[in-house]
Amino acid sequence: MKPYAAARRLSLPWSAVLPHGVGKAARVRGTLGIATAFLLVVALWLATHAYLGVVGDARFYNLQMLRHLSAGDYDADLYFRYGSQDEFSVFTFIFAPVIRAFGLSAGNVILNLGFQGLWLSGAWYLVRGLVRDERVGVLVTAMTIVMPGGIGFFRNAEPFLTPRPLAEALTLWALGTMLRGHLFRAAAVLAASLTIHPLMTLPGLGVLFFYLSARYRLLWGVAGVGLAAVVGLALLGVEPVSRLAAVFDPEWFSAVIVRDGFCFVSQWDVAEWLPACNTLAVAGAGLVLARPRQRRLLAAACAVAVLGCCASFVGGDLLRLVLVSDAQLWRAMWLLSFVANTCLVIGVVEAARCRGVSLTSPVAILSLAILLLALSRFFANAALLVTPVAAAGLLVRSWEHHRRAPPGVVGRVLVMVFLGVACALGVFGVGVTVQVLRVSPMQLWWTSGGLGLAVLSLLALWQQLGGAGRAAAAPAGGPARFAFAVVVVALAVVMWDQRPPWRRFIEAGDDPPPALRQLVAGGGDMFWEGDVTVPWFLLRQASYFSCDQGTGVLFKRGTALAYKQRYADFQKLGTIDFWRGTECPGSRNDRVTPLTRDDLRELCARQAGLGRLVLLRPVQGASGQVWVAPADFESTVRTDGKISLVTSDRFYFYACDDYRRH
């Protein structure tokens, strides 16, 4: 079988780069073309999804797997004492053996790469369900890799180990299957995804329903039966739907609104509303440019996202219903952002092929919006201009549609001035982000290097696929292009692992240094300032308190009350845990207020279960032991609106028993 026919029969994206020849030379060039395009896509992914280690929510899921593998070592931890989110997913049960077999560090790398590969394949499968031209499909998939999606604190295809990327991948596969007419298969894939992460899968079920309900009216009856089943399960007391009528009491809600306030739409700040507005603006532009099949999918995604945000606001923010708040229905924005990005890029590429591009055309303006959104992955402030630029593109598009002609000279001048101002502001926004990144020079280096590799990969892939012109033939691969792709992907591999030395030290192995092991022997549960992963992953024991342990206050009242009490006592220490984000605000105006022996005595007296404190600074009048770490601990803190970097390799140990006796 010819290489081109074989690739097309297998529905592979690389048939676009295969030549139609049948000779040996043509087969070699076709193979090089496939390999070159594949390597460039891999390089683009690695450059835009750097590995950060066990950070963010990956800490909680890894802790759940370690608890599953241990003999009760973590049962006393506040995160587990009253139950955890692990009850609603099979993720831990399925993937804990991988951590057992390969260890924490290697296991995370293996699973992370596997989930991201599945996510990328799901994205390609869905895109190919929307476009016929394979070259356009490859280009669109490449752009969806670069363009960020989600809501500020929850981004699509997260570069660390959680079940969310896996559930997203399965949802994308399910929707791609739906577009091909295999409805029962799509429903089965979504059912499997529900067992991994229900909250990320619900938007996929909603899109499936709205996409098909216009054609199959019977689905409304099925939805009614499903709603009745939910009510029945709630009456029977089946978790978690038994919380359907439960309401946060004032004491519980006071802890939730501080620690998990981002789960309530009314508490979002600009970091959350900006990506949401950009997603809606991109979705609006996509609806205008999309073809009927694409518009139908995008409209379903818009309906699910908007209804989810409204339901979250009414049920969570206003009525304070526990189940609605726990469901976090606003998470449907992740799927809308992906579908909107996809449809907009498809619309721009196809419009450019049909009509051509001028500097003041809607295609050019919307292309600038796409580039600004892609740039915001590396420099966050570039996202400030996505919505106004997209709105300008839609305005010009509306003018041309109603007037049957492009804007006149004055209109074109105004558009050029607007685009010039937007570009200038974009450059200024990038500069502001650079100033923030300079707090950590290594982070600035990684960001700049990732941007450079992403640009090289995109340009090389564009050339490999022959651009977006209607008559452009996709060139076959050659040794020079293949060698260039190898160099680019090698650089991307080198830059992919961006864990700092401290993170590598924590994840390296199960056995802590002998000096540290002696200091913590028999000390009971501890508080480790700045990094709860030290007791969790290095010492393999429970932590007494950390702001991170409060992530479950939204789901468990017992966790909320215990966390609130410990939070109030530890907050008086003014450690850096209370100066890194809005979820754990501090009470002192001066973070460097010296700690005294009386501070330790009061805390240890109030917290009878606390065995030891490990602090980043010595306590006046108190005798403690010092441990010098083999790597520097680093953390950014915010004081008086400024971001600064705290670095230390010294930790000070204080045993509570020494202060309770006096």
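What follows draws every value from the coordinates through simple rules; no lab data is involved. Values in this document were obtained by computation on a predicted structure and should not be read as measured data. Quick reminder, even Gly has a Cβ in these numbers, built from the backbone with ideal geometry, and neighbours come from all protein chains shown.
So the values come out like this:
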quantity	calculated
Contact order normalised by residue count of the chain, Cα under 8 Å, 6+ apart, percent	18 percent
Net charge contributed by nearby residues that have their C-beta within less than 15 Å of residue 50 (K/R +1, D/E -1)	+3
Backbone N under 13 Å from the residue 88 label point (7 Å along Cα→Cβ), restricted to the range 225-268	239-244
When the chain is reduced to its Cα atoms, the Kirkwood hydrodynamic radius in Å	27.0 Å
Count, lysine Cα pairs under 22 Å in the chain, 8 or more residues apart or across chains	4
Helix 409-437 vs. the chain, principal-axis angle (Cα, 0 to 90°, nearest 10)	30 degrees
Descending semi-axes in whole angstrom, ellipsoid equivalent of the range 503-660, from the Cα gyration tensor	21, 19, 18
Degrees separating the helix 163-179 axis from the principal Cα axis of the chain, which is the longest one	20 degrees
Amide H within-cut-off set for residue 247, under 5 Å, with H built and near neighbours excluded	322
Isolated Cys residues of the chain, judged by Cβ distance under 4.7 Å to other cysteines	263, 277, 302, 309, 310, 343, 354, 423
Residue-count net charge about residue 209 - beta-carbon cut-off 14 Å; Lys, Arg +1, Asp, Glu -1	+3
Potential lengthening between residue 568 and residue 628 on full extension [0.36 nm per residue; Cα-Cα distance subtracted]	18.6 nm
Under Karplus coefficients 6.51, -1.76 and 1.60, residue-wise ³J(HN,Hα) of the range 500-507 in Hz, glycine/proline x	x, x, 5, 5, 5, 5, 5, 8
Helix 557-571 axis, angle to the chain major axis (alpha carbon atoms, nearest 10°)	70 degrees
Sequence-distant residues sharing a close amide H with residue 633 (under 5 Å, placed H)	648, 649
Interchain or long-range residues, amide H under 5 Å from residue 625's placed H	653
Three-way shape call for the range 280-398 based on the alpha-carbon gyration tensor, with the a/c threshold at 1.5	prolate
Those trypsin sites (Lys or Arg not before Pro) in the range 520-593 that DSSP places in a loop and that have at most 14 other beta carbons within 10 Å	588
Mean ellipticity per residue at 222 nm, deg cm²/dmol - from DSSP H runs of n ≥ 4 across the chain, formula -39500 (n - 2.57)	-19500 deg cm²/dmol
Karplus-derived 3J(HN,Hα), 6.51/-1.76/1.60, for each residue of the range 306-321, Hz, glycine and proline x	5, 5, x, 5, 5, 5, 4, 5, 5, x, x, 6, 8, 8, 6, 6
3J(HN,Hα) from dihedral phi, the range 534-542, Karplus parametrisation 6.51/-1.76/1.60, rounded to Hz, x for glycine, proline	5, x, 5, 9, 8, 8, 6, 8, 6
Qualifying trypsin sites (Lys or Arg not before Pro) in the range 207-243, DSSP loop, other Cβ atoms within 10 Å at most 16	215, 217
Magnitude of the charge dipole, the chain, Cβ model with Lys/Arg +1 and Asp/Glu -1, debye to 20	2780 debye
